[in-house]
Amino acid sequence: MAREPVLTFTDKGIYCAAGNFYIDPWRPVDRALITHGHADHARPGHGSYLATHAALPVMRHRLGSISAQGTAFGEQIIINDARVSFHPAGHVPGSAQIRVEAGGEVWVASGDYKTEADGLSEAFEPVRCQHFITESTFGLPVFNWQPQKNVAQQINDWWAGCARAGKTAFLGAYALGKAQRLLTLLDAGIGPILTHGAVEATNRVLREQGIVLPETVQATADIRPKDHPGAIVLAPPSALGSAWARRFGPQESAFASGWMQLRGVRRRRAGDRGFVISDHADWTGLLGAIRETGAENIYVTHGYTEIFSRYLNENGWNAQIVPTEFGDDAADPEDEA
């Protein structure tokens, strides 16, 4: 009789029978192991949570009072008949791949990941396994990121141009991860850095756990834009062009997302600029990560699953698409990409 796989894909999430737990479940379960704090992976309603020490503060900020346990990267935990450990995913601070060993097999659930070290998140570490569950958010050859330093130069040149023209620069970015990464790339010598409340709330949580970020000023209702000439404002994409943003007078807006690689998305967002920078792996990064695991069996989740899995099957892997509720392949820069 065939042995049940260590991890199976259910209507609640990725399930481990040997440990009786779920990974990033999207419906309430008794025990949830969480890769990182983004809303599509860390959802409310679970009986207990297990995540890295670095991911828990943001999870508590977003989910409120939860029963949660923290773990260090690489620490081995025995849960019933399974051995579990968390390993850096490079996606956002605290993000992890989850390694599960049971019955002589090793599986790794990647969560979301990027392979370029950004200087903020814990750098991605490949984990050897036989079975690898990978995202494919940007699983098309067209997605190939420039080095981070090049994008930083583009952003700072644009901001400096706005400042010289007497305009406020508005940069749209997801409030957890992307906004803080951009903060570390900005040249504060150009002007003051202001933040939307959603971004600043996350900044506060990360600073309290010892993550060093540049100085920022929250753009509250009583702030006077004329007191901050040449400023850049970091805000969620939905805030750009809003009544709140219009208070700042003459301005230019830009979006920072991997989706900016696609011309149609740039046009639809109607920003003045689009900067291609993502907290997910590009095509080359996905393939490199998969090779480094040594896994023969690949399970492809959210993103361009059909195209990416077909490529893998045509190039020596045993790949299949698995259903999850971590997102879809819609090119929407409102998400954390």
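Computed from the coordinates by the stated procedures, all read-outs in this text should not be read as laboratory data. On a predicted model such as this, the values are computed, not experimentally measured, just so you know. Backbone-built Cβ (ideal geometry, glycine too); neighbour counts: all protein chains shown.
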*For region 267-317, what class follows from the C-alpha gyration tensor (a ≥ b ≥ c being the square roots of its eigenvalues): rounded when a/c is under 1.5, otherwise prolate if a/b is larger than b/c, else oblate?*
prolate
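Give me the number: length gained by fully extending ARG60 to GLU75, i.e. 0.36 nm times residue separation minus the C-alpha to C-alpha distance, one decimal in nm.
Details: separation 15, 0.36 × 15 = 5.40 nm, distance 2.14 nm.
That pair, ARG60 and GLU75, stretches by 3.3 nm at full extension.
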*Return the distance in nm (one decimal) between the two label points of a simple spin-label model at LEU213 and LYS12, each offset 7 Å from Cα along Cα→Cβ.*
3.4 nm
_Compute the helix-to-body angle for 197-208: its Cα long axis versus the longest principal axis of the chain, expressed 0 to 90° and rounded to tens._
60 degrees
*What percent does the relative contact order of region 148-275 come to when contacts are Cα pairs within less than 8 Å and at least six residues apart?*
35 percent
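Order these peptides, 117-123, 30-36, 172-178, by their mean beta-carbon neighbour count within 10 angstrom, highest first.
Working: 117-123: 17.7, 30-36: 24.1, 172-178: 26.1.
In decreasing order of mean packing, 117-123, 30-36, 172-178 become 172-178, 30-36, 117-123.
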*Where both residues lie in the chain, what percent of DSSP beta bridges are antiparallel, nearest 5?*
35 percent
*Under the rule of -39500 (n - 2.57) per DSSP H run of 4 or more residues, summed and divided by the residues of the chain, what mean residue ellipticity at 222 nm is obtained, to the nearest 500 deg cm²/dmol?*
-6500 deg cm²/dmol
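Please report the orientation-averaged projected area of region 148-275, defined via the convex hull of its C-alpha atoms, in nm². Kindly include the intermediate steps, with their values, before the conclusion.
Values: hull surface 29.8 nm².
Reported value for the Cα convex hull: 7.4 nm².
In whole percent, what relative contact order does the chain give with Cα contacts below 8 Å and a gap of six or more residues?
Working: 754 pairs, mean separation 58.5, N = 337.
Relative contact order comes out at 17 percent.
Only bridges whose two residues both fall in region 1-45 count here: according to DSSP, what percent of them are antiparallel, nearest 5?
On the way: 6 of 8 bridges.
In region 1-45, approximately 75 percent of DSSP beta bridges are antiparallel ones.
Whole number please: convex hull volume per residue, Cα atoms of the chain, in Å³.
Values: hull volume 43.7 nm³, N = 337.
It is 130 Å³ per residue.
Kindly rank 127-140, 301-314, 94-107 from highest to lowest mean number of other beta carbons found within 10 Å of each residue. Could you put the intermediate results ahead of the total?
On the way: 127-140: 23.8, 301-314: 19.4, 94-107: 22.1.
With the highest mean Cβ count within 10 Å placed first, the list reads 127-140, 94-107, 301-314.
Determine the relative contact order of region 42-119: mean sequence separation of Cα pairs under 8 Å and six or more apart, normalised by residue count, in whole percent.
Values: 127 pairs, mean separation 17.6, N = 78.
Answer for region 42-119 is 23 percent.
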*Amide H of THR71: which non-local residues (sequence gap of 5 or more, or other chain) have their own amide H closer than 5 Å, using H built in the peptide plane?*
ALA51, THR52, HIS53
*Excluding same-chain residues fewer than 8 positions from LYS178, which aspartates and glutamates have a Cα within less than 12 Å of its Cα?*
ASP118, ASP279, GLU334, ASP335, GLU336
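Please give the contour-minus-distance gain from THR184 to ILE223: 0.36 nm per residue of separation, less the Cα-Cα distance, rounded to one decimal in nm. List each step's numbers first, then the result.
Values: separation 39, 0.36 × 39 = 14.04 nm, distance 2.34 nm.
Length difference between fully extended and current span is 11.7 nm.
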